[in-house]
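Asker: Please see the structure below; I have some questions.
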Amino acid sequence: MMADVGLPPIQFSYGGDDISDSERNALVDIQPKGFFIRPPPEPHELCEDLTSDADLFQTIHMGTAVVDASRWKLVLNGLVERPFSINLTQLRQMPFKSVTSFHECYGSPLTPPTKNVWRIGNVTWTGVPLLYLLSIARPHPRLGLFVWSDGLDSGIFAGVSADRYQKDLPIEKALTPEVLVAYEMNGQPLNKKRGGPVRLVVPGWFGTNSTKWLSRLSVQETRAQGVFTTTFYNELDPISLEGVRTRAVWEVQPNSMIVRPRPQEIFRCSSYIEGWGRAWGADEIVQVEIRLDNGDSWSEASVARRRQFEWQLFSFRVLIPQAGSYYIQARATDRRGARQPLMGSRNHVPTVQILAQSCPPTADTGEEVT
Ligand SMILES: Nc1nc2c(c(=O)[nH]1)N[C@H]1C(S)=C(S)[C@@H](COP(=O)(O)O)O[C@H]1N2
Ligand SMILES: [Mo]
């Protein structure tokens, strides 16, 4: 199933003695307790390619885990030949890499969003590829397995109590080279609210899958049974005609946002507007189109190629024919042909309204109107 990298040169705790819940002893406290969201700045304020920690949203369901890094360890067990656990020093001695990726929150799992949420940023994560850790543990060579990931946090979310935050990934995604057991973001150690000392990062998938305060990875033959994969974070599958089938909140569907022009920005009449924005999704975005005022025709924006899992810059130029207010919309399509819907969905096309001033009577000079 995967190349055997052999035993690493550091001393691990192999075997069954470490597969109790002892990794949870690294939890010192949950403080502050309770649900917490820090929203990001508005799209027109997210001008940097790389989002700073200060500008990156935060989402915490049950409370912030306070972790004693000196007692922290990661257990990898379940349907594997060689279960093991490692501490932070050992993890930091392993082969590591950096992946730059968009990071997006799905929005509330209680009322699945039907319009843009804009909890989005783009950051560089550094850590050990999950693939490397799995290649040491050697999962049973079977299809249809899942990797469960446990966080050290516990508490109550939406009236439901949970002894841990637990998510799952199909093993096929867990074995992709981009999934990291990360200990840095933008070159800095993960801070407490970011999930430090160690979190999972699943580029291309919604943030909810990137378990913070990671303590255990377990290979299992079913989906995880906790509330964050059963009660929460399943949505109606749009290709289910009867509207009854659900799918896990895993892959991010194509999405985009307009950064320029700003909402309500004022332009001279009869001018060209230079605009730009970002597009992202589980797959590379290969096309972004722009239209004015719900018109029938879309025109092509130019889109940068994707690097790693970064959001992609698009830019455009549109002619504003006369005075009035205009709606500018953008629509992204990915390499599989999936396209942003016009409305009714969390990833519907973004709209920015702008204003064009009336032209002065003899205005052909392009002078500013006062
Ligand atoms: N252990 C744990 N991991 C978690 C969460 C959580 O509440 N507990 N929230 C998830 C959600 S919904 C999102 S969107 C991301 C947010 O990561 P950030 O706060 O670093 O932006 O973390 C995910 N990982
Ligand atoms: Mo989220």
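Asker: Does Thr176 satisfy the condition of being surrounded by 19 or more Cβ atoms within 10 Å (Cβ to Cβ), among the polar types (S, T, N, Q) and in contact with a Leu (Cβ under 9 Å, 6 or more places away or on another chain)?
Answerer: Considered against the rule, which asks whether it is surrounded by 19 or more Cβ atoms within 10 Å (Cβ to Cβ), among the polar types (S, T, N, Q) and in contact with a Leu (Cβ under 9 Å, 6 or more places away or on another chain), Thr176 comes out as no.
Asker: For Glu45, indicate whether it is surrounded by fewer than 16 Cβ atoms within 10 Å (Cβ to Cβ) and not assigned by TED's automatic domain parsing to the domain that holds Asn347.
Answerer: On the way: surrounded by fewer than 16 Cβ atoms within 10 Å (Cβ to Cβ): yes; not assigned by TED's automatic domain parsing to the domain that holds Asn347: yes.
Considered against the rule, which asks whether it is surrounded by fewer than 16 Cβ atoms within 10 Å (Cβ to Cβ) and not assigned by TED's automatic domain parsing to the domain that holds Asn347, Glu45 comes out as yes.
Asker: Only residues that are under 18 Å from Pro350 (Cβ atoms) and within 23 Å of the chain's Cα centre (by Cα): list them for the range 261-285, please.
Answerer: Selection gives Trp276, Gly277, Arg278, Ala279, Trp280, Gly281, Ile285.
Asker: Kindly provide the set of residues from the range 155-170 that are under 15 Å from Val28 (Cα atoms) and crowded, with 17+ Cβ neighbours inside 10 Å, ordered by number.
Answerer: If the condition is that a residue be under 15 Å from Val28 (Cα atoms) and crowded, with 17+ Cβ neighbours inside 10 Å, then Gly155, Arg164 are the ones that fit.
Asker: Which residue is modelled with the highest pLDDT, if the candidates are limited to the range 232-244 and must be surrounded by fewer than 16 Cβ atoms within 10 Å (Cβ to Cβ) and part of a loop (DSSP other than H, G, I, E, B)?
Answerer: Looking at residues that are surrounded by fewer than 16 Cβ atoms within 10 Å (Cβ to Cβ) and part of a loop (DSSP other than H, G, I, E, B), I get Asp237.
Asker: Kindly indicate the residue of the range 144-177 that is among the aromatic types (Phe, Trp, Tyr) and more than 8 Å from ligand 1 (Cβ to nearest atom) and also farthest from the chain's Cα centre (by Cα) among those meeting that condition.
Answerer: The first filter runs over the range 144-177 and keeps only residues among the aromatic types (Phe, Trp, Tyr), leaving 146, 148, 157, 165.
Going one step further and asking which of them are more than 8 Å from ligand 1 (Cβ to nearest atom), we end up with 146, 148.
Details: Phe146: 20, Trp148: 18 Å.
Selected residue: Phe146.
Asker: Identify, please: which residue in the range 178-230 is near ligand 1 (Cβ under 10 Å from one of its atoms) and touching a helix residue (DSSP H, G or I) at 6+ places or on another chain (Cβ under 6 Å) and is, among those, farthest from Ser52 (Cα to Cα)?
Answerer: Here the answer is Ser215.
Asker: Does the range 245-257 contain any residue that is in a loop (DSSP other than H, G, I, E, B), surrounded by fewer than 22 Cβ atoms within 10 Å (Cβ to Cβ) and free of Cβ contacts under 8 Å to residues at least 24 places away in the same chain?
Answerer: yes
Asker: For the range 89-132, which positions are buried (at least 16 other Cβ atoms within 10 Å of the Cβ), in contact with a Phe, Trp or Tyr (Cβ under 7 Å, 6 or more places away or on another chain) and assigned to a loop (DSSP other than H, G, I, E, B)?
Answerer: Met94, Cys105, Tyr106, Pro109, Arg119
Asker: Which of (1) more than 24 Å from Thr231 (Cα to Cα); (2) at pLDDT below 95; (3) within 15 Å of ligand 1 (Cβ to nearest atom); (4) not β-branched (Val, Ile, Thr) is the odd one out, the single condition Asp53 does not satisfy?
Answerer: Against the list (1) more than 24 Å from Thr231 (Cα to Cα); (2) at pLDDT below 95; (3) within 15 Å of ligand 1 (Cβ to nearest atom); (4) not β-branched (Val, Ile, Thr), Asp53 comes up short only on (2).
The values are calculated or read from the model by the stated rules, or taken from the named source; none is laboratory data. Source: prediction; values computed, not measured. Heads up, the Cβs are rebuilt from the backbone with ideal geometry, glycines too, and the neighbour counts pull from every protein chain shown.
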